[in-house]
Amino acid sequence: MADDLPDMLEVRINATVHAHAVTRARWCERLGTALFQEKQGFPWEDDGSLIDLPRGLTFRSIDQAGIETFRSVMAACGAGTLDRNDRYYWEGCGPDNLAARMMAYLTEEDAPMGLLGYRVDDPVGYVAVVRDDDLVSTIAHIGDIHDLLSAGIPAARRRGWSRCSRMSTW
């Protein structure tokens with residue numbers, strides 16, 4: 001019967017969307033579970049104010065730059081990730097396979113939410129705004145953090161999203 005149990009139990013604990021986040025965390029500790037992944041909080045709520053776009057970077061969405069270009073930048077930027085989940089998969093399947101797998105989740109609706117940041121014609125990183133099952137936006141960013149975050153928030157606004165509560169970092 002123990003062979004039927006999963007190797008990992010996923011418990012999401014996010015104080016922004018889970019009213020009993022502290023209680024969930026305590027139960028996990030009592031059960032002896034180990035933290036696998038932790039996201040850095042980045043709360044944002046759209047107040048409609050002007051957002052200054054970064055100088056020195058230009059941006060192209062996935063549908064402008066192409067999926068293969070976005071995939072190759074994602075693969076190149078993942079080395080040294082601080083995100084445990086991404087690092088686990090990066091080490092397990094390699095950068096190209098990880099990036100290809102991430103691109104498999106991309107829908108046509110999501111393509112404008114992935115932006116490549118360029119300095120002149122050289123891609124220096126990307127920002128992708130996604131939603132999880134809890135309808136929490138996550139900004140995943142690589143490279144020039146301030147500039148990429150400055151581009152990610154207007155992308156969320158264009159999609160009609162008005163809140164972001166955490167971010168993943170590579």
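The values are calculated or read from the model by the stated rules, or taken from the named source; none is laboratory data. If you're wondering where the values come from, they're calculated on a predicted model, not measured in any experiment. A quick note on method: Cβ atoms are made from the backbone with ideal geometry, for glycine too, and the neighbour counts reach across all protein chains shown. The protein model used for the area step is the full one, side chains on, heavy atoms only, and it has no ligands, DNA or RNA in it. Shrake-Rupley method; radii C 1.70, N 1.55, O 1.52, S 1.80 Å.
You will find that of R119, R84, R101, the residue that is surrounded by fewer than 14 Cβ atoms within 10 Å (Cβ to Cβ) and modelled with pLDDT of 80 or more is R101 and no other. Checked against the criterion of being outside any loop (DSSP other than H, G, I, E, B) and modelled with pLDDT of 80 or more, the candidates A156, A140, A151 yield just one match: A156. Scanning the range 56-75 for residues that are open to solvent by less than 50 Å² (accessible area, probe 1.4 Å) and in contact with a Lys or Arg (Cβ under 7 Å, 6 or more places away or on another chain) yields a single hit, L57.
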